[in-house]
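Student: Below is a structure I'd like to ask you about.
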Amino acid sequence: MHCFMLAGVSSNVGKTTVTMGVMAALKRLGQSVVPFKTGPDYIDPMFHQFVTGHPSTNLDTWLVEPDLIRTLCFQKLQEDDVGVVEGVMGLYDGHSTEDTVGSSAYLAKTLGIPVFLIIDGRGMSLSAAALVKGYADFDPELTIAGVIINRIASQSHYALLKEGIEQNTGIPCVGWLPDNPELAVGSRHLGLIPADELKDLEHTVSFCAALVQSHVDLKQMLALSQNTGRPAGRQDPFDVVAGLYAGLRIGYAWDKAFNFYYYDNLEALKKCGVTMVPFSPLEDKALPEVDGLYLGGGFPEVFGREFEANAPFRKNLLAALLKDLPCYAECGGLMVLTESLQTKTGERTAGVGFFKARTVMTRKLQRFGYVTVETELSGKPYTFRAHEFHHSLVESEEPIPRRYRVKKNERTWKCGYAQNRTLAAYPHVHFYSNPDWLLALLDEVKKAKDRKNG
């Protein structure tokens, strides 16, 4: 088994493009590539799945305990697989400046895997060696196995940088990629445009794979990332309750407007015995026959006109929620449950109208980063870690009960809008942060189903 991380010295060094190219090139060599993403990002995993054909797993060492992170990673890898982990931001950027928890470096050490460091080589010669040496020396416990130099113009420039880096650091350069506009991937206010919205993505991936094959020594990367053992994790907590909620059917919104779900969240529900039923708020005219709903995030404001045009679905969803169908919604799921949504240009479109409020878009991020949530359900307290990233606010003329007390450093605020049997909030929750929270939500669905069936 092979497993390694591709991490950048900072954001915007072409990490996602390099990762797609390496994954695609390895597949061309006949390798089975299993993708992973450092941190809470939803969009990069979509690119990973597009390239590899395998779902990508989020590995976040701030949201989830290290021993469970090891479990979530290595239970997905077989002996003949190549695990490729894409980093986040810069190599050492994590939850705070006090430690590296949540960072790519911390994850690589948690998993015991080597890092291939991606640098932007434009405008540098010996300074590239100083840059690499600084990253290598910052944490001697981290293994930087090699360097990939991105966005340079020629083989001769690469040879110059390679010589300087290897002579001064002892770390091999395994290849380079040219600065080419065809490798660019479009973005919008929450980051990259999701994979299923990019018409030319297949061409971009193919082009990138060909460049990697001709410019990067993949065999050397595999040799430097051979894993001789798997670091110990612990038993998956949802395996302990496997099948406990068999018979429950939960519908989850899935289309181009709603697709922000951690893969392991959906898998956890399935392990619990839940039958997961996808539906499209943009295309379906009514909900499927289900016992509860999971409305994930996404870009509902971008597709507001399409959602507004699907009046039968909005009416059907509203009626179901008013009849106490249990519903758990996050971020974009919260937004569409208000009376109206707003685009970045100020255009306003109709929402479901379940909450007597409206969603407004703002020029800057309202919340960004890790948070801790304290709440109660059926009289029991729960605490879990979560992540927020949104440009919107919910404005209401009448107060709506809120069950979440959200904390970030010294700041606290209220969220978790609660009405009938619906709970909707901005924080994105990884169910492995506190497995009991998911079980509590499922208990509520089961009680509602039992009451309905008499």
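Student: Would you tally the residues in region 264-281 being of a type outside the set (Gly, Ala, Ser) and buried (at least 21 other Cβ atoms within 10 Å of the Cβ)? Before you say what the answer is, go through the steps one by one.
Tutor: Applying the first criterion (of a type outside the set (Gly, Ala, Ser)) to region 264-281 yields 264-267, 269-272, 274-279, 281.
Filter again for buried (at least 21 other Cβ atoms within 10 Å of the Cβ), leaving 264, 269, 272, 274, 281.
The total comes to 5.
Student: So GLN78 passes all but one of these: (1) at pLDDT 95 or above; (2) of a type outside the set (Asp, Glu); (3) surrounded by fewer than 22 Cβ atoms within 10 Å (Cβ to Cβ). Which condition number does it fail?
Tutor: Unmet condition: (1).
Student: Can you find, within region 96-125, the residue that is farthest from the chain's Cα centre (by Cα) among those that are on the phi < 0 side of the Ramachandran plot and free of Cβ contacts under 8 Å to residues at least 40 places away in the same chain?
Tutor: Start the filter on region 96-125 by keeping residues that are on the phi < 0 side of the Ramachandran plot, which leaves 96-101, 103-111, 113-122, 124-125.
Still in the list and also free of Cβ contacts under 8 Å to residues at least 40 places away in the same chain: 96-100, 109, 124-125.
On the way: SER96: 19, THR97: 22, GLU98: 24, ASP99: 22, THR100: 19, LYS109: 20, MET124: 33, SER125: 35 Å.
The extreme case among them is SER125.
Student: Right, here's the next one. Would you check which residues across region 215-228 are of a type in the set (A, V, I, L, M, F, W, C) and surrounded by fewer than 20 Cβ atoms within 10 Å (Cβ to Cβ) and list them? Lay out the reasoning, then the answer.
Tutor: Going through region 215-228, the residues of a type in the set (A, V, I, L, M, F, W, C) turn out to be 216, 218, 221-224.
Hits for region 215-228 are LEU218, LEU222, ALA223, LEU224.
Student: Same structure, new question: Restricting to region 402-441, name every residue that is out of contact with any Cys (no Cβ under 7 Å at 6 or more places or on another chain), within 15 Å of GLY333 (Cβ to Cβ) and among the small types (Gly, Ala, Ser).
Tutor: Scanning region 402-441 gives GLY416, ALA418, ALA424.
Student: Condition first: under 30 Å from ALA24 (Cβ atoms), touching a residue at least 24 places away in the same chain (Cβ under 8 Å) and either in a helix (DSSP H, G or I) or outside the structural domain of ASP443 (by TED's automatic domain parsing) (or both). Can you find one or more residues in region 271-279 that meet it? Walk me through it before giving the result.
Tutor: Residues of region 271-279 that are under 30 Å from ALA24 (Cβ atoms), as a first pass: 276, 278.
Applying the additional criterion that residues be touching a residue at least 24 places away in the same chain (Cβ under 8 Å) yields 276, 278.
Filter once more, keeping what is either in a helix (DSSP H, G or I) or outside the structural domain of ASP443 (by TED's automatic domain parsing) (or both): none.
No, there is no match, as no residue in region 271-279 is under 30 Å from ALA24 (Cβ atoms), touching a residue at least 24 places away in the same chain (Cβ under 8 Å) and either in a helix (DSSP H, G or I) or outside the structural domain of ASP443 (by TED's automatic domain parsing) (or both).
Student: Look at ARG367 and say whether it is charged (D, E, K, R), in the same structural domain as MET276 (by TED's automatic domain parsing) and within 22 Å of LEU322 (Cα to Cα). Let's see the steps before the verdict.
Tutor: Values: charged (D, E, K, R): yes; in the same structural domain as MET276 (by TED's automatic domain parsing): yes; within 22 Å of LEU322 (Cα to Cα): no.
When the stated conditions are applied, ARG367 does not pass them.
Student: Residue under question is VAL212, and the condition is that it be crowded, with 21+ Cβ neighbours inside 10 Å, touching a Phe, Trp or Tyr at 6+ places or on another chain (Cβ under 8 Å) and not assigned by TED's automatic domain parsing to the domain that holds LEU438; does it hold? Give the derivation first.
Tutor: Working: crowded, with 21+ Cβ neighbours inside 10 Å: yes; touching a Phe, Trp or Tyr at 6+ places or on another chain (Cβ under 8 Å): no; not assigned by TED's automatic domain parsing to the domain that holds LEU438: yes.
Taking the combined requirement at face value, the residue does not satisfy it.
Student: Failed condition for ASN316, given (1) touching a residue at least 40 places away in the same chain (Cβ under 8 Å); (2) assigned to a helix (DSSP H, G or I), with all others met?
Tutor: Going through (1) touching a residue at least 40 places away in the same chain (Cβ under 8 Å); (2) assigned to a helix (DSSP H, G or I) one by one, ASN316 breaks only (1).
The values are calculated or read from the model by the stated rules, or taken from the named source; none is laboratory data. What you are looking at is a predicted structure, and each value in this text was computed from that prediction instead of being measured. As a convention, Cβ positions derive from the backbone with ideal geometry for all residues, glycine included, and neighbour counts pool all protein chains shown.
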